[in-house]
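Student: Structure in structure tokens, see below.
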Amino acid sequence: MKKNSPIERIWNGIFVENPVFVLVLGTCPTLATTTSATNAIGMGLSTLVVLALANLFISLLRNVIPSQVRMPAYIVVIASFVTMVDFLMEGFTPELYKTLGIYIPLIVVNCIIMGRAEAYAGKNGPIASFFDGIGMGIGFTIALFLIASFREILGAGTWLGMQVMPAGYVPISIFVLAPGAFLVYGCLIAAMNKFKIGAGRRPKKEWDPTVKICGECMNCMQVGMCGKKPEQCDTVNGANEGKED
């Protein structure tokens, strides 16, 4: 995929740099609003809208905002869109709005949004920044939905408000409490790590301790097991390019 293309930015937010499972950002709303799948979808989509629009406008204004006041300026932009989302939810989805409560206004200080504004939108073009916000928002929504689904099914026997467990099922109430949220969160992070850098991606041959590694293994997600010599590594060749006299 071409770097900074819409598809690459969306895939980056969903999988490569998922804000919840990889970057471990936005933990407070992640744990607090995932008692049901409905709440998770509402919170995720609200954050997605704010992320996409805030990224777009911050990118458009990146050459106008003085660097000394960029953080306050980012907060003003983000707060404006959060206020709009807050009013729209209060008017069109009042029940969900009451359930989520203070967590909608607190999107203003969600570190995912501020982090993307500082790390990406303030340094890249509006189209790429807009799709970066969409990708991060989709990744955030998927993560919340997965956590909430496990918690709701195990802790209440329902999913999206519908009864899915047998009538004789006794809900495991710990899953709708804070300890259950941490438990499910940790298990899903472990599953993501296993999927990304698990044993299935390691070479079958034995590691040769005489082969030097480039020190950039985390960048290529091989965790020191690529087995390449330095002269075979693209990262090393790129880093050393132009250094030879």
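The values are calculated or read from the model by the stated rules, or taken from the named source; none is laboratory data. Source: prediction; values computed, not measured. Cβ: placed from backbone, ideal geometry, glycine included. Neighbour counts: every protein chain shown. The accessibility values were calculated without ligands, DNA or RNA, using every heavy atom of the protein model including side chains. Shrake-Rupley method; radii C 1.70, N 1.55, O 1.52, S 1.80 Å.
Student: With respect to the numbered conditions (1) surrounded by fewer than 21 Cβ atoms within 10 Å (Cβ to Cβ); (2) assigned to a helix (DSSP H, G or I); (3) in contact with a helix residue (DSSP H, G or I) (Cβ under 7 Å, 6 or more places away or on another chain), which one is the sole condition not fulfilled by T141?
Tutor: Condition (1) is where T141 drops out.
Student: Out of all the residues in the stretch 75-120, which are assigned to a helix (DSSP H, G or I) and in contact with an Asp or Glu (Cβ under 7 Å, 6 or more places away or on another chain)? Spell out the reasoning first.
Tutor: Narrowing the stretch 75-120 to residues assigned to a helix (DSSP H, G or I): 75-92, 94-103, 105-109, 111-120.
Correct list: Y97, P105, R116, Y120.
Student: How many residues does the stretch 90-119 contain that are touching a residue at least 12 places away in the same chain (Cβ under 8 Å), open to solvent by 20 Å² or more (accessible area, probe 1.4 Å) and either more than 21 Å from the chain's Cα centre (by Cα) or more than 16 Å from I58 (Cα to Cα) (or both)?
Tutor: Residues in the stretch 90-119 being touching a residue at least 12 places away in the same chain (Cβ under 8 Å), open to solvent by 20 Å² or more (accessible area, probe 1.4 Å) and either more than 21 Å from the chain's Cα centre (by Cα) or more than 16 Å from I58 (Cα to Cα) (or both): 6 in total.
Student: Among the residues of the stretch 11-38 satisfying the criterion of being more than 13 Å from the chain's Cα centre (by Cα), buried (at least 20 other Cβ atoms within 10 Å of the Cβ) and not β-branched (V, I, T), which is nearest to A178 (Cα to Cα)?
Tutor: Checking each candidate, the answer is S36.
Student: Of the residues that sit in the stretch 169-190 and are open to solvent by less than 70 Å² (accessible area, probe 1.4 Å) and of a type in the set (S, T, Y), which one is farthest from P29 (Cα to Cα)?
Tutor: Restricting attention to the stretch 169-190, the residues satisfying the condition of being open to solvent by less than 70 Å² (accessible area, probe 1.4 Å) are 169, 171, 175-176, 178, 180-181, 184-186, 188-190.
Next cut, of a type in the set (S, T, Y) only: 169, 185.
Numbers: Y169: 29, Y185: 12 Å.
Out of the qualifying residues, it is Y169.
Student: Out of (1) in contact (Cβ under 8 Å) with a residue 60 or more places away in the chain; (2) buried (at least 21 other Cβ atoms within 10 Å of the Cβ); (3) closer than 21 Å to V184 by Cβ; (4) not charged (D, E, K, R), the odd one out for G42 is which?
Tutor: (1)
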